[in-house]
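The values are calculated or read from the model by the stated rules, or taken from the named source; none is laboratory data. Note that the structure is a prediction, hence the values are computed from the model and not measured. FYI the Cβ positions are ideal-geometry reconstructions off the backbone, even for glycines, and counts take in every protein chain you see.
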Amino acid sequence: MANTQVRFGIITEVHIVPPGTPEGFWHNRFLFDRAEELFDKAVRRCEELGVDAIAILGDLTHFADPDSFARVRRVLETTTRPVFVLPGNHDIDGSARPLAAFHRAMDLPHVTIAPVALALDPQIDLTLIGLEPGEAASGYAAVRSRTATGNDPKLTVVLTHFPPCAMEAMLSDAGLKYAGDLVNRAPLLESLTGIPGPLLIVNGHLHVHATIVDGRVLQLSVAALIEPPHDVTLLTIGIDDDGLPRVTRRACGLVETPDVTLPVLSERDEHWRFMGGTWTEDAS
Ligand SMILES: [Fe+2]
């Protein structure tokens, strides 16, 4: 039994576009003409699941244009649940203030925007990783808040668009395209692993459902909403009565896509427990 439990609805890769945008494709075809409807459905699904909060891991828009940000805001206004949101590379425009439109669209009382570090509860810290254009307009750099939360947490949860743990070889071995790394991926990972204790990282960006375990780091890569498997994920994070972190992820596609190869590299339903200094699969 858990003495602390937080249930997140995770959504990523929404890719809302202006009307009339031609077809898009990454691993499989994007449902651009249904992007706003899918986002609304995903938020409704989170509400049906009774989540404590919704987390959106970036790429809410495809072109970072005002019309698409207005559509994102319209959907966010339909929920009163707390929402944690991070920019993806597609949400950064080419202006002098590349995240101004993102911040304006998300400026709602129930929405918390990256970068931030906060106490999710007395035992769990939450860090939302922000993003900015890399130096000399090359790539994207992660931005981490160093604000002290006041906790001595039993678990730190990191939500990020780009994955800090390397995944290029894993995707290449699976015959999947790779969407690129942060310019500061290695320093970000080093800084995160400087946080003592168990670490749960949840990322988007790659449009792939995959899991990496490396000692006290568990990294869950979440698949896209805009393309198959069109996922909404229920992520349950808890500290059990023995003081041990537990994580359950249950991914669910909103659209049936029978004839495509899904970018799914790990179980859709998985249970993890932190024991003896490492994350282990938990059958219970
Ligand atoms: Fe994306």
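Scanning the range 16-27 for residues that are within 13 Å of the ligand (Cβ to nearest atom) and surrounded by 10 or more Cβ atoms within 10 Å (Cβ to Cβ) yields Ile16, Val17, Gly24, Trp26, His27.
Among the listed residues Leu131, Leu118, identify the single one that is part of a strand (DSSP E or B), in contact with a strand residue (DSSP E or B) (Cβ under 6 Å, 6 or more places away or on another chain) and surrounded by fewer than 19 Cβ atoms within 10 Å (Cβ to Cβ).
Leu118
Can you confirm whether Glu270 is modelled with pLDDT of 95 or more, in a loop (DSSP other than H, G, I, E, B) and not basic (Lys, Arg)? Here the answer is no, as Glu270 does not meet what is asked. Filtering the range 145-158 for residues that are at pLDDT 95 or above and either within 15 Å of the ligand (Cβ to nearest atom) or touching a Phe, Trp or Tyr at 6+ places or on another chain (Cβ under 7 Å) (or both) leaves an empty set.
Taken as a whole, the range 90-107 holds no residue that is within 16 Å of the ligand (Cβ to nearest atom), of a type in the set (Val, Ile, Thr) and either under 24 Å from Leu254 (Cα atoms) or surrounded by fewer than 15 Cβ atoms within 10 Å (Cβ to Cβ) (or both). Among residues of the range 242-284 being closer than 26 Å to Phe25 by Cα and hydrophobic (A, V, I, L, M, F, W, C), the one that is surrounded by the most Cβ atoms within 10 Å (Cβ to Cβ) is Ala251.
Here the range 65-89 is the region considered, the condition is being more than 17 Å from Ala141 (Cβ to Cβ) and in a loop (DSSP other than H, G, I, E, B), and the residue that is nearest to the ligand (Cβ to nearest atom) is Asp65.
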